[in-house]
Amino acid sequence: MLVGNTQPTSITQSYPVVIQNVLDYLNSLDQASLALGRHEFPHLDSNKAWFVVLEYDKQPVENFKPEVHKYYADLQIVLEGNETMAWSIDTGEHEASEPYLEQRDLQFYKNEGITLNFIHATPNQFYLFTPNIVHITNIQNDDTQPVRKLVVKIHHELLEAK
């Protein structure tokens with residue numbers, strides 16, 4: 001898991017190169033006018049990285065099951081509003097709540113036995129949930145404002161140091 005600023009800072013160069021390139025591209029866009037749905041990066045293989053723009057109302061944490069991915073990391077960026085996100089290390093010992101969804105690279109776990117760490121997600125920050133991180137997002141907090149968010153899917157091979 002990696003948390004950082006979406007705008008360049010003195011530590012931006014320490015991020016994986018693909019994260020630096022993704023942030024550079026996203027910062028070049030008018031994010032407020034991006035259409036909802038899937039978008040591709042002009043410089044990356046569309047099977048290895050893409051992003052989705054979402055808008056939604058937050059929900060209580062009880063409405064969600066913890067999720068994890070085998071191959072893709074989620075780089076989540078709140079554009080408007082704020083939400084609570086939760087994460088935990090995937091020990092490999094959590095009980096699946098349903099079969100692995102290969103098309104979506106998505107495994108849901110039962111809540112039992114997973115101790116979650118909570119973070120307050122705000123604009124201008126990114127939250128990278130790598131394939132070894134169980135996570136829940138879109139969680140309700142004290143604020144009822146809807147959320148506009150950008151989620152980048154990045155294949156783990158792109159995150160490897162070269």
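The values are calculated or read from the model by the stated rules, or taken from the named source; none is laboratory data. Bear in mind the structure is a predicted one, so any value in this text is a computation, not a measurement. Note: ideal-geometry Cβ built from the backbone for every residue, glycine included; neighbour counts use all protein chains shown.
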Q | Unique match (being crowded, with 18+ Cβ neighbours inside 10 Å and out of contact with any His (no Cβ under 7 Å at 6 or more places or on another chain)) among His43, His120, His94 | A | His94
(Q) Please go through region 1-30 and give me each residue that is closer than 18 Å to Leu158 by Cβ, without any contact (Cβ under 8 Å) to a residue 60 or more places away in the chain and assigned to a loop (DSSP other than H, G, I, E, B), ordered by number. (A) Tyr15
Q) In region 41-51, which residues are among the small types (Gly, Ala, Ser) and part of a loop (DSSP other than H, G, I, E, B)? A) Ser46
**Q.** Residue check, Gly37 more than 21 Å from Val22 (Cβ to Cβ) and either out of contact with any Phe, Trp or Tyr (no Cβ under 9 Å at 6 or more places or on another chain) or among the acidic types (Asp, Glu) (or both)
**A.** no
Q) Of the residues in region 31-46, how many are among the aromatic types (Phe, Trp, Tyr) and at pLDDT below 95? A) 0
Q: Determine which single condition Leu54 fails, assuming it passes every other condition in (1) in a strand (DSSP E or B); (2) within 21 Å of Val17 (Cα to Cα).
A: (2)
Q) If you scan region 127-162, which residues turn out to be of a type in the set (D, E, K, R) and in contact with an Asp or Glu (Cβ under 6 Å, 6 or more places away or on another chain)? A) Arg148
Q: Please report, ordered by residue number, the strands (runs of 3 or more DSSP E) entirely within region 102-143 with at least 1 residues that are hydroxyl-bearing (Ser, Thr, Tyr).
A: 125-129, 133-139
Q) Which of the residues spanning region 69-121 are under 14 Å from the mean Cα position of the chain (by Cα) and among the acidic types (Asp, Glu)? A) Asp74, Glu83, Asp105
Q. With Leu150, Leu75, Leu158 as the choices, which residue is in contact with a Leu (Cβ under 9 Å, 6 or more places away or on another chain), modelled with pLDDT of 95 or more and outside any strand (DSSP E or B)?
A. Leu158
Q. Under the condition of being hydrophobic (A, V, I, L, M, F, W, C) and free of Cβ contacts under 8 Å to residues at least 24 places away in the same chain, which residue from region 35-92 is nearest to Asn138 (Cα to Cα)?
A. Leu36
Q: Report the residue count in region 31-40 for those that are loosely packed, with under 11 Cβ neighbours inside 10 Å and in a loop (DSSP other than H, G, I, E, B).
A: 2
Q.
Please go through region 8-30 and give me each residue that is out of contact with any Leu (no Cβ under 8 Å at 6 or more places or on another chain), modelled with pLDDT of 95 or more and either buried (at least 17 other Cβ atoms within 10 Å of the Cβ) or more than 19 Å from Thr130 (Cα to Cα) (or both), ordered by number.
A. Leu23, Asp24, Tyr25, Asn27, Ser28, Leu29, Asp30
